[in-house]
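Engineer: Just passing along the structure, written as structure tokens.
Please treat every number below as a calculation from the coordinates, not as lab data. Being a predicted model, the structure only gives us computed values, none of them experimental. Glycine also receives a Cβ, built like all others from the backbone with ideal geometry; neighbour counts cover every protein chain displayed.
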Amino acid sequence: MFNQSRQNVIRLIIFVAFSVLIIRLIFLQLVSSNYDNLALDNAVNKKIIFPDRGIIFDRNGKSILENTLAYDLMILPTQLKGLDTAGICRILKINLVQFKERVISSIIKNGRYRPSVFEASLSVESFVQLQENIFRFEPGFFLQERPIRSYPYKAAAHVLGYVGEVDSNILKRTNYFYQLGDYMGLSGLERYYEPVLMGQRGVRYQIKDNKNRIVGAYEKGKFDSTAIAGRNLRTYLDIDLQVMAERLLKNKLGAIVAIEPQTGGILALASGPTYDPNQLTGNLRKANFSWLLRDTSRPLFNRAIKGQYPPGSTIKPVGALIALDEGVIGPDFGLGCSGAYYGCRRAIACEHKNPGHASNLRQALANSCNSYFSHIYRLAIDNPAERNTVNGYLRWKRYMNSFGMGVKLGVDLPSEDRGFIPDTSFYNKLYNRSWSSCTNVFLGIGQGEMQATPLQMANLMCVIANKGYYYTPHFVRSIDNALVSDTLLNVYKVRHDVTKIPDSMYNLVQLGMQDVVDRGTAVGARIAGIALAGKTGTAENYGIIYGKREKLANHSWFVCFAPRENPKIAVAVVVENAGFGSTWAGPIASLIVERYLKDSLSQERWKEVERIEGKEILLPIIKTKRNTLDSLRNERLKKNQLNFRVEILMPSVPINKKKKIILAFHLNAIKPNYEEKFI
């Protein structure tokens, strides 16, 4: 009986074990695909076909961004057997330690059985050597072609943007829509229109023999897919105007924005300093990006949409429109000004002292009278119809917001900033709810807490040129092979009407702005045969130096549109640390307008372009005496603040023989590298 029971137990154990084996075999053969995949990987080579990204064209059909071919060296870790490691290290100019680190990294990123990029965008020298010797490194390594961007005009870097390889964060953010080794737009139009430009990957399956040699197509290409190229963008950008704008900003900090008022199409958008976009393609991309990132003049920073500046007197035409619409002044309203406004506790200086320079609105605009516009700002804020200052200020802020100030406009570039128009809560907190129109009277002349981007100021000119409306500024006019699902451009077809102000008031302000150019503060910006309406601005500029707020060189502003009666272009120019608006910003804007409207410049005007291009206005000047120079230099070096110049005062030298010494710190200086120049 006992033996029988033991036999039954043994039979049961054998049956259970046999059943487990059978079930496991059934699972592996019929359910699990792991071994199928491994077998397929061993027998079939999967080659990704990268599509060409869409091309970007300017308004005249010129391709401003193109595709060219680059080659990546790919690695397949499972096939690294009998490899000539020394040979491949010699070609790539790396050592054995770096080789091992890259292999480990590729396994961590993409596993042992999938190919990864070992070195992207091979140099011509490396590619030629590898192409001749690749048989020595197969099947562990192979070459794969990939389209990369090229920029024939070497311009519009901040507009076009750049592409780069996706990382783990992008993979997670896109729910693994991309694969490791894919490239996508990371900034500019490349980023904003990524779904249109990217195209669709293709794949080709090829059979390998037992020696890993390609012997033909897998299943006669049944599972292959063709790469679909990205679609092209047609823009409003005028590349010749863009190139000239970047020339005018050479060795300067600032921005230029030109817009077509009737459509909102951006004709040019330049930020200075800039860089050659070709620097961020190819095998030197990482090194160049690192260098640009360390540059203290911030060439990667797009000042046109992110730079925030006090607009200065360029805001005065809007102040005039608000005061007219509020009914607190009329066209003939005048103010006696002897060189300052004394209506508040602190006097506000004016550049003009001659009688009659603010005898009416047009005169006040032409002469940019600070007293006049400080006074009419207070009249608008303290309007009795609004009952109190808070209500008056809120109404004034609504005007400003409707003109596109203090709000994001929605340009088709990532990372636009909104500028700043303070809310009442800002002043309530700052002054414990005890404030008046004198508290923020500087807003009336574009100073104080007000901040604006160059894009906003160019758009503001579109509003005045159009007499009360604008279209959201944008670059792309159309997309080739448009689909029903394409909705990206719909928002740019919507007309935005600002607070309703009669055309007669716009006409008056437009005439005042033409007076600015014809006989006012911007006579140097006049263009023969073109009625230019503009406004200068000299914005006070303060910086924190050694913990103290100190006055630096003023920013130079000029905004305009032309022709006045049928506007075709609106422009905003800001040049940091450049002084009066009429000195640098005005002539720059004048050249931009003339080049666009006349499609050419005379020889004399091209000389003006060369003069401005050759002028360096990069850095604010800090004045000091010779005996304080060493401590000043050492403090700046400790803080790694290298982008400045120092004007050394030499009081012991007679006035008629005095020379200035300029100590210029070079940008990106690793050591205290500087030079002294006698001027």
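Engineer: Tell me what the chain gives for mean residue ellipticity at 222 nm when only DSSP H runs of n ≥ 4 count, each as -39,500 (n - 2.57), the sum divided by the residue total, rounded to 500 deg cm²/dmol.
Structural biologist: My calculation for the chain gives -10000 deg cm²/dmol from helical runs alone.
Engineer: For the chain, give the magnitude of the charge dipole about the Cα centre (Cβ charges: +1 Lys/Arg, -1 Asp/Glu; no others), in debye to the nearest 20.
Structural biologist: With only Lys, Arg, Asp and Glu charged at Cβ, the dipole is about 1760 debye.
Engineer: Name the long-range amide H neighbours of Phe420: under 5 Å, sequence gap of 5 or more, or other chain; modelled H, no Pro or chain starts.
Structural biologist: Gly406, Gln451, Ala452
Engineer: Now, a different point. Which entries of Lys397/Lys535; Lys81/Lys286; Lys353/Lys568 show an alpha-carbon separation above 27 angstrom in the structure shown?
Structural biologist: Those over the limit are Lys81/Lys286; Lys353/Lys568.
Engineer: While we're looking at this one, here's another question. Can you find, among Gln363, Val593, Phe127, the residue sitting farthest towards the positive end of the charge dipole of the chain, where Lys and Arg contribute +1 and Asp and Glu -1 at Cβ?
Structural biologist: Phe127
Engineer: Hey, fewest Cβ within 10 Å first, where do Tyr113, Tyr542, Tyr471 land in order?
Structural biologist: Going from sparsest to densest Cβ surroundings: Tyr542, Tyr113, Tyr471.
Engineer: Let me ask another. Normalising by the residue count of region 437-550, find the relative contact order in percent from Cα pairs under 8 Å and 6+ residues apart.
Structural biologist: Result for region 437-550 is 19 percent.
Engineer: Moving on to the next point. Which Cys in the chain stand alone, with every other cysteine's Cβ at 4.7 Å or more from theirs?
Structural biologist: Cys with no partner Cβ under 4.7 Å: Cys89, Cys337, Cys350, Cys369, Cys462, Cys560.
Engineer: If neighbour count is taken as other Cβ atoms inside 10 Å, put Asp480, Asp518 in order from fewest to most.
Structural biologist: Neighbour counts put them in this order, fewest first: Asp480, Asp518.
Engineer: From Cα coordinates alone, what are the radius of gyration and Dmax values for the chain in angstrom?
Structural biologist: 32.9, 132
Engineer: Using R₀ = 60 Å, calculate the FRET efficiency as 1/(1 + (r/R₀)^6) where r is the Cβ-Cβ separation of Asp503 and Ala86; round to 0.05. Could the numbers behind the result be given before it?
Structural biologist: On the way: r = 80 Å, r/R0 = 1.33.
Once rounded, the FRET efficiency stands at 0.15.
Engineer: Right, here's the next one. For the chain, take the longest principal axis of its alpha carbons; what is the angle in degrees between that and the long axis of helix 629-638, to the nearest 10 within 0 to 90?
Structural biologist: Taking Cα atoms only, the helix is inclined about 40 degrees.
Engineer: Given 0.36 nm per residue, what is the gain on full extension from Thr263 to Asp382 after removing their alpha carbon distance, in nm? Walk me through the numbers before you get to the answer.
Structural biologist: Details: separation 119, 0.36 × 119 = 42.84 nm, distance 3.67 nm.
Result for the pair: 39.2 nm of gain on full extension.
Engineer: Okay, next question. Could you tell me which of the pairs Lys429/Lys551; Lys46/Lys222; Lys62/Lys306 are separated by over 22 angstrom between their Cα atoms in the structure shown?
Structural biologist: Correct reply: Lys429/Lys551; Lys62/Lys306.
Engineer: Quick one: if the Förster radius is 60 Å, what FRET efficiency do Gln131 and Arg433 give, using the C-beta to C-beta distance and rounding to 0.05?
Structural biologist: Result of the calculation: an efficiency of 0.20.
Engineer: Counting other beta carbons within 10 Å of each residue's own, what order do Glu565, Glu540, Glu416, Glu246 fall into, fewest first?
Structural biologist: Placing the least packed residue first, the sequence is Glu565, Glu540, Glu416, Glu246.
Engineer: Report ³J(HN,Hα) in whole Hz for each residue of region 387-397, in order, from the Karplus equation J = 6.51 cos²θ - 1.76 cosθ + 1.60 where θ = phi - 60°; Gly and Pro get x.
Structural biologist: 6, 8, 5, 4, 5, x, 5, 4, 5, 4, 5
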